[in-house]
1. Set the Förster radius R0 to 22 Å, insert the Cβ-Cβ distance between residue 74 and residue 123 as r into 1/(1 + (r/R0)^6), and round the FRET efficiency to 0.05.
2. In the calculated pair distance distribution of region 110-178, what percentage of Cα-Cα distances lie above 20 Å?
3. At a Förster distance of 25 Å, what's the computed FRET efficiency of residue 159 paired with residue 60, Cβ-Cβ distance as r, to 0.05?
4. Please report the orientation-averaged projected area of region 31-129, defined via the convex hull of its C-alpha atoms, in nm².
5. Please list 145-155, 51-61 highest first by mean number of surrounding beta-carbon atoms within 10 Å per residue.
6. What residues qualify as long-range amide H neighbours of residue 107, i.e. H under 5 Å apart, gap of 5 or more or another chain, H built at 1.01 Å from N?
7. Considering every pair of different Cα atoms, what Kirkwood radius, in Å, is found for region 83-124?
8. Going toward the positive end of the dipole of region 35-178, with +1 on Lys and Arg Cβ and -1 on Asp and Glu Cβ, which of 163, 122, 101 do you reach last?
Amino acid sequence: PMMWPIVCASWPVSATPRKRSRATGLAAIGRSRSAAKISPAALLKALNPRGSADYFYAPILGCEKLVFYTKFPSEYLRPLEETDRLSIRHLNLPGIVDVLVAAIHFNDKRNWSDNSQAMASVDLAKTIRDVEARVGHQRTVLIGDFNMNPFDAGMVGALGLHATMDRRIAEKVERTVQ
């Protein structure tokens, strides 16, 4: 299987970064409004020891909860749609079929009810479909912190994210939901 060379970090505003290895620690590092704020330049310096150019920062437009670092120049991961908690980007590497990378950081259950999360999932699914229509394909990888359990209505609902844990079902073009 192909490994996509993208790191997307999300964190709560009050997060404090922890010391971890470069490979596993990026999700724990992030910009916050607290004293723990780490600038993209400082993080790139840590990711690229001895002045190497292993990682690149992919600038944000309006998303305050997610940051992208890639193993390729950021022009190959163009932002198409952003909100404060969502970023949908077009990954178009030379010689590889293009895909959309959609990253989300939903509110947690302390701040949103299950019903609010389910309704937000419907909106998220519509936004993704709209962007897919603009680019002319449905090759989308959705990643993130959903702050939902795998079988919550927002995850499995036919109008929401319509997720399934069975690969054979997911590979079908259509399925019946009762």
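Since every read-out is calculated from the coordinates, none of them should be taken as a lab result. Note that this is a predicted model, so its numbers are computed, not measured. Using ideal geometry, Cβ is built from the backbone for each residue, glycine included, and neighbour counts are taken over all protein chains shown.
1. Given R0 = 22 Å and the Cβ-Cβ separation, E is 0.20.
2. On the way: 741 of 2346 pairs.
Percentage above 20 Å: 32.
3. On the way: r = 29 Å, r/R0 = 1.15.
The value I calculate is 0.30.
4. Averaged projected area of region 31-129's Cα convex hull equals 8.0 nm².
5. Descending mean neighbour count gives 145-155, 51-61.
6. none
7. Here the Kirkwood hydrodynamic radius works out to 12.2 Å.
8. 101
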